[in-house]
Every structure is written in structure tokens, then in C-alpha cells.
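Asker: Dumping the structure here so I can ask a few things about it.
Each reported figure results from applying straightforward, stated rules to the coordinates on display, with no laboratory input. Small disclaimer: the values here were computed from a predicted structure and weren't measured. Cβ placement follows ideal geometry from the backbone for every residue including glycine, while neighbour counts extend to all protein chains displayed.
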Amino acid sequence: MTLRYLIQKEFLQIRRNSFMPKVIFIFPIMVMCVMPWVMNQEVKNIRVDVVDTDRTPQSQQLVHQIERSNYFIFNGQKSTYQEALKDIESSEADIILEIRDGQYLIAANAVNGTKGSIGSSYLSQIVNSGNLSPLTSHLSPLFLYNKGQSYKVFMIPALMGILMMMLCGFLPALNIVGEKEKGTIEQINVTPVSKWSFILAKLIPYWLIGLLVLTVCLVLSWLVYGITCQGPLWLVYLLAVLLALFFSSFGLIISNYSATMQQAMLVMWFFVVCLMLLSGLFTPTRSMPDWAYLTTYVNPMHYFIDAIRTVFVRGGDFAAIAHQLLALSLISLFMGSWAVVSYKKNN
């Protein structure tokens, strides 16, 4: 009964806070409706200068292909390579295509390495498409998953993880430290309320809020983008519960060792950014140096991202993510135990 009233108290505090309900509902809607459009590693609007000294029908056909491409902006034909290079140096062009004696030279501005490398790859595909052998002309790729190659399908599950991390990690930590600063936590400490009851009362409301937000994300993914989970939905919720357990426990640990909200925020943000960037959320973990890749073995965000993409995109079942579930469970239980031990009721 004590736990019930403590949870009721937490929900009353959240409701009476003029700012908190807005964050809880507006933040996930903004993330799901805006971020999939902007968090896109597909490179477009690449400005191309063409230096065509051959002036053959084949070279002119290639130029027309570039003009029709959705990825390139045809920046015009230049008479010499040096003239086109001046556009690169002044950032008026991104890539130069020089056609001379039947040979093709692609020179890219690599100040933005991603744009330069991917843009060169796109342009090479257009150049090679006009010079295919009879054997390769009959080859076509077969995509088993995400057949439209939409980056939104790849990012939406990751955005769900980010929302769970922010809501179930930051909010409980700031809630407890806020009570420390106001002195209201002392009123709880002098009561016979047990340590477990206090901790669960602080965490359960945010777990429920996290699951509600996850449901909203799944509905928005279906309504806005027409993207649905290909695997069992209960696995998505199980992964979300384990991730919520980890980050809420982690937030509680930070709050136990922090005296002010500013201190808790900075420490929490430091670890969250590291966990997120080293998880494979944006870039493949196999591209990391060996010493950085070792951190993925203790990074719960890595296991969550890998597992939810397997379920959401590929339609994997329990057996397909058993390894990630086991690792995520062990890490979450360890952090939960640490959170209980580190909390001192007589602080």
C-alpha cells in the first residue's frame, strides 16, 4: 500500500509541474515527426562541374544522365580542369568530372569526407552504367530487408531508443536531485518507508511513461511513414523495458552521487553521449578501431540498437536476439543492484 501512495505522489508531482507534461508528450512527437527527415546519411544536391574535351555523343549522354539524377546539381560545363578547380576551391562545386580521350577522372572536394566519398561513388555508378559488359549488364541487386533502402526504416528504431534513454534516464535523476536541492527528500528519509519502496516509486512512473511514449512512436511510425514492425511487437516492448531499467538505474546512481541538478545533468550527459556514439546508432561498430570496438561489449545501447533493428526491420524472433537480450538483462540487473546499494536512506 505504501508503494501505491508513493507512486500516486510521483504522478501528482509530474502533473502539477507545468513543464514536465509538455516535455513528455511534445518531445517524442517532435523526434518522430522531424528527426527521420533530417537524420539522413543519404547525400543529395551534389554540385558537379563537367570538363568534356571529347564532345562525343557518349560523353554528352553521360552529361545528360548527370543532369537527370536526383542526387546531383549540374553546375555547368567548364572549358578546362583548372577552371573547374577554382569552383571547388571557392565551394561552388563539390565534384569535377573530366572526360578526356575516353578516360574519366573524378575529383571530389573531401573537406566533407562523407559527401566527397559517397558523391564520388554515386558518380562512378553513373559512369560505369554506360560501360557495362554483357555479363554485368544482367546483374541486379536483391535487397532482402528494407527493399526501398529507406534510411527512415533504419533510424526510426534507433530514435525510439534515444527517447527511452532520455525519458527514463534523465528525468528520474533530475527528479531525485531536485528533491535533494529543495530538501523534501529529507522528509522521506526520516519516515519508515523502505529503500526499495522509495526507489521503485521513483522509477515505475517513468517506466510507464517510457512504454507509453514507445507506443506513441509505433503509432506515429505507422501513420506518418507507413512503417511497421516486421517482428513480434512484444519483443520491442521487452527490449524497451530492459533499456528503461538500465537507464533509470543509471540515472539513480548519478543522482546518488550528485549534490545539484547541474552536476547530475553534466555527468549524465557525458555518459549518455558516449554510450550513444559508441553504440552503432549512426555508424557501423565494425568501422571503429579495435580498442573502441571493445566498449560495445559493455554498452547496453549497442545491444538494444542491434536487437531492435533485427526485430523491427528484419522481422527477427526471440532466438535471433537471444544474445542481445541476455547481455542487456545482465547489464541492467547489475546497474539496478548498484543503484539500490548506492542509495543511502540516511543521507
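Asker: What is the range 255-335 by shape, rounded, prolate or oblate, if you read a ≥ b ≥ c off the alpha carbon gyration tensor as root eigenvalues and call it rounded for a/c under 1.5, prolate for a/b larger than b/c, and oblate otherwise?
Answerer: prolate
Asker: When a/c is below 1.5 the answer is rounded, else prolate if a/b is larger than b/c, else oblate, so apply that to the range 155-205 with a ≥ b ≥ c taken from the square roots of the Cα gyration tensor eigenvalues.
Answerer: Verdict is oblate for the range 155-205.
Asker: Can you give me the distance in nm between label points at Leu277 and Ser90, each placed 7 Å from the Cα along the Cα-to-Cβ direction?
Answerer: 3.6
Asker: Now, a different point. If you take every residue apart from Tyr257 with its C-beta less than 12 Å away from the C-beta of Tyr257, what net charge results, scoring Lys and Arg +1 and Asp and Glu -1?
Answerer: Residues near Tyr257 contribute +2 overall.
Asker: With a cut-off of 8 Å between alpha carbons and a minimum separation of six or more residues, what is the relative contact order of the chain in percent?
Answerer: 19
Asker: Tell me which label goes with the value of log10 I(q)/I(0) by the Debye sum over Cα atoms at q = 0.07, 0.09, 0.10, 0.14 Å⁻¹ computed from the coordinates here: (i) -0.34, -0.55, -0.67, -1.26; (ii) -0.46, -0.70, -0.81, -1.15; (iii) -0.44, -0.65, -0.75, -1.12.
Answerer: Label of the calculated value: (iii).
Asker: Search the structure for amide H atoms under 5 Å from the amide H of Phe72, placed 1.01 Å from N in the peptide plane, and list their residues when 5 or more places away or on another chain.
Answerer: Placed amide hydrogens put Asn45, Ile46 under 5 Å from Phe72.
Asker: How tilted is helix 261-277 with respect to the longest principal axis of the chain? Cα atoms for both, answer in degrees (0 to 90, nearest 10).
Answerer: The helix 261-277 is inclined about 40 degrees to the chain.
Asker: I've got another one for you. Say the cut-off is 21 Å between C-alpha atoms; which of Lys44/Lys152; Lys22/Lys195; Lys22/Lys344 go over it?
Answerer: Numbers: Lys44/Lys152 15 Å; Lys22/Lys195 30 Å; Lys22/Lys344 32 Å.
Exceeds cut-off: Lys22/Lys195; Lys22/Lys344.
Asker: Here's something else I'd like to know. Rounded to the nearest 0.05, what FRET efficiency do His64 and Thr215 give with R0 = 56 Å and r taken as the Cβ-Cβ distance? Could you check?
Answerer: Values: r = 49 Å, r/R0 = 0.88.
The value I calculate is 0.70.
Asker: Still on this structure, please answer the following. Run the simple label-point estimate for Met265 and Glu42 please: 7 Å along Cα→C-beta, distance reported in nm.
Answerer: 3.7
Asker: Same structure, new question: Determine the gain in length on full extension of the stretch Val23-Tyr81; use 0.36 nm per residue of separation and subtract their C-alpha separation, reporting nm with one decimal.
Answerer: Details: separation 58, 0.36 × 58 = 20.88 nm, distance 5.36 nm.
The span from Val23 to Tyr81 would gain 15.5 nm if fully extended.
Asker: Taking 35 Å as R0, compute the FRET efficiency from the Cβ-Cβ separation of Thr53 and Tyr151 and round it to 0.05.
Answerer: Computed FRET efficiency for Thr53 and Tyr151: 0.40.
Asker: Return the inverse of the average 1/r over all pairs of distinct C-alpha atoms in the range 46-138, which is the Kirkwood hydrodynamic radius, in Å to one decimal.
Answerer: That comes to 13.4 Å for the range 46-138.
Asker: How far apart, in nm, are the 7 Å Cα→Cβ label points at Arg100 and Asn128?
Answerer: That separation, rounded to one decimal, is 2.4 nm.
Asker: Looking at the square roots a ≥ b ≥ c of the eigenvalues of the Cα gyration tensor of the range 203-326, which shape do they give, rounded for a/c under 1.5, prolate if a/b is larger than b/c, or oblate?
Answerer: Judged from the Cα gyration tensor, the range 203-326 comes out oblate (a/c at least 1.5, b/c at or above a/b).
Asker: Mind checking the dipole of the chain: about its Cα centre, +1 per Lys or Arg Cβ, -1 per Asp or Glu Cβ, Debye to the nearest 20?
Answerer: Rounded to the nearest 20 debye, it is 1560 debye.
Asker: Here is a follow-up. Which of these, Glu98, Glu42, Glu89, has the largest mean-square fluctuation under a Gaussian network model of the chain (Cα springs below 10 Å)?
Answerer: Taking springs between Cα atoms under 10 Å, the residue moving most is Glu89.
Asker: Mind jotting down the distance between the C-alpha centroids of the range 1-48 and the range 68-126, whole Å?
Answerer: 41
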